[in-house]
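Worksheet: the structure to be examined is printed underneath.
The values are calculated or read from the model by the stated rules, or taken from the named source; none is laboratory data. In this text, all values refer to a predicted model and were calculated from it rather than measured experimentally. With ideal geometry, Cβ positions are generated from the backbone for all residues, glycine too; neighbour counts draw on all protein chains shown.
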Amino acid sequence: MTRQQRIEFEDATYHVFSHAVDETALFLDDVDRRCFLDYIQELVGLGMLIVHAFVLMITHFHLLCQTPEAGLSKHLRKLLGKYAQSFNGRHARNGHLLRARYKALLVEDGDYFLECSRYIHLNPVRAYVCSDPGDYRWSSYRHYLQPTEELDWVTTARTLESFPSKMDYAQFVLQACAHQSRDPFREAYGNLVFGSKDFAERMGLRVSARKAAHSERSREFRNRPELSFGAIDRAVAETFPGLSKCQHDRMVVYAMQRFTAKTGKEIASITDRDPSEITQIWKVLQGRLLNDCELRQRMDLLMQLLQVK
């Protein structure tokens, strides 16, 4: 299949996402994270990128950036190539580090740009790493509220000019904690553009046909029956027959977190647990998935049984 052509031009804005291969870790420690940010800062210093937001998770990263001169592909190859070489060298590792090709959405200014900023800063919350994005160290969110010299290469002006104060931006971000925030990659036109129909058409996309296919997929997702506790409980029992009751119950909690839209508090209520336990179960099993090949295979079987992607 022919790869889609990147849309590149001067001062274009992109939401970039890339993921490690096979659910392995992209960042194993703080040295890795610092190294990755140093490489981004280097590109900023050379005038290749303007960075508006970022987050580094265990297996992936998100970046909201702008290219003063056309050339996102060239800049990303440099960044990801240098980092992969450094990571493999530090950890005595060989082979590809990143999964296939990175994703990059061309982002329209205004509400779409702000939605990407919010989506990126809420990544740790959606992953149950923390309940407040301000508690997460490896994103640009705290820099928005209290600028630091360490992240002085992150540009906040374009985002904050839309809000009366920094606290208003924080409120804008936190509002989405209470409900399902928009996913730019799910809503993108042709997997290339996050913006209005007019903007997508100006970028040369045939919106009507592509959007029709996207709308059909979105409608299918919205209409898919909500997975019940009982269905998940039975599927876990079938997929993991050798688990003790305690292990089984924890796997059910994890599956509810991963395959339903229920909040941590809702899952805690359903399973009669403390909300803090829900977060801890997620962290433990996510960590195991990074290194346990058999567990990943079982999880794939569970996804097939529940008919989720």
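The set of residues in segment 104-122 being crowded, with 18+ Cβ neighbours inside 10 Å and of a type outside the set (A, V, I, L, M) consists of Glu108, Tyr112, Phe113, Glu115, Cys116, Ser117, Arg118, Tyr119, His121.
Just the residues that are in a helix (DSSP H, G or I), in contact (Cβ under 8 Å) with a residue 40 or more places away in the chain and among the aliphatic types (A, V, I, L, M), please, taken from segment 69-85.
Start the filter on segment 69-85 by keeping residues that are in a helix (DSSP H, G or I), which leaves 72-85.
Imposing the further condition that a residue be in contact (Cβ under 8 Å) with a residue 40 or more places away in the chain reduces the set to 72-73, 76, 79-80, 82-83.
Leu72, Leu76, Leu79, Leu80, listed by residue number.
What about Arg158, is it assigned to a helix (DSSP H, G or I), surrounded by 15 or more Cβ atoms within 10 Å (Cβ to Cβ) and free of Cβ contacts under 8 Å to residues at least 12 places away in the same chain?
Details: assigned to a helix (DSSP H, G or I): yes; surrounded by 15 or more Cβ atoms within 10 Å (Cβ to Cβ): yes; free of Cβ contacts under 8 Å to residues at least 12 places away in the same chain: no.
Answer is no for this residue.
Yes/no per residue for (1) of a type in the set (A, V, I, L, M); (2) more than 26 Å from Phe27 (Cβ to Cβ); (3) part of a helix (DSSP H, G or I); (4) outside the structural domain of Val21 (by TED's automatic domain parsing):
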position: Asp233; (1), (2), (3), (4): no, yes, yes, yes
position: Gln257; (1), (2), (3), (4): no, no, yes, yes
position: Lys262; (1), (2), (3), (4): no, yes, no, yes
position: Trp282; (1), (2), (3), (4): no, no, yes, yes
position: Leu285; (1), (2), (3), (4): yes, no, yes, yes
position: Arg288; (1), (2), (3), (4): no, no, yes, yes
position: Leu295; (1), (2), (3), (4): yes, no, yes, yes
position: Arg298; (1), (2), (3), (4): no, no, yes, yes
position: Leu302; (1), (2), (3), (4): yes, yes, yes, yes
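In segment 41-64, the count of residues that are assigned by TED's automatic domain parsing to the domain that holds Tyr102, surrounded by fewer than 18 Cβ atoms within 10 Å (Cβ to Cβ), in contact (Cβ under 8 Å) with a residue 24 or more places away in the chain and in a loop (DSSP other than H, G, I, E, B) is zero. Within segment 86-111, being outside any loop (DSSP other than H, G, I, E, B) and either under 14 Å from Glu187 (Cα atoms) or not assigned by TED's automatic domain parsing to the domain that holds Asp22 (or both) holds for Lys103, Ala104, Leu105, Leu106, Val107, Asp111. Please work out if Arg222 is modelled with pLDDT under 85 and in a loop (DSSP other than H, G, I, E, B). Considered against the rule, which asks whether it is modelled with pLDDT under 85 and in a loop (DSSP other than H, G, I, E, B), Arg222 comes out as no.
For segment 23-32, the criterion of being in a loop (DSSP other than H, G, I, E, B), at negative phi and free of Cβ contacts under 8 Å to residues at least 24 places away in the same chain is met by at least one residue.
Within segment 242-249, can one find any residue that is over 27 Å from Val21 (Cβ atoms), in contact (Cβ under 8 Å) with a residue 12 or more places away in the chain, of a type outside the set (A, V, I, L, M) and assigned to a helix (DSSP H, G or I)? Steps first, answer last, please.
Looking only at segment 242-249, we keep the residues that are over 27 Å from Val21 (Cβ atoms), and these are 242-249.
From what is left, the residues that are in contact (Cβ under 8 Å) with a residue 12 or more places away in the chain are 248-249.
After this cut, where a residue has to be of a type outside the set (A, V, I, L, M) as well, the list is 248-249.
Subset that is assigned to a helix (DSSP H, G or I): 248-249.
There is at least one residue in segment 242-249 that is over 27 Å from Val21 (Cβ atoms), in contact (Cβ under 8 Å) with a residue 12 or more places away in the chain, of a type outside the set (A, V, I, L, M) and assigned to a helix (DSSP H, G or I).
Within segment 146-155, no residue satisfies the criterion of being loosely packed, with under 15 Cβ neighbours inside 10 Å and touching a strand residue (DSSP E or B) at 6+ places or on another chain (Cβ under 8 Å).
Annotation: of all residues in segment 270-280 being touching a helix residue (DSSP H, G or I) at 6+ places or on another chain (Cβ under 9 Å) and part of a helix (DSSP H, G or I), the one that is surrounded by the most Cβ atoms within 10 Å (Cβ to Cβ) is Ile278.
Summed over segment 165-213, the residues that are at pLDDT 85 or above, in a loop (DSSP other than H, G, I, E, B), among the hydroxyl-bearing types (Ser, Thr, Tyr) and closer than 30 Å to Ser131 by Cα give a count of 1.
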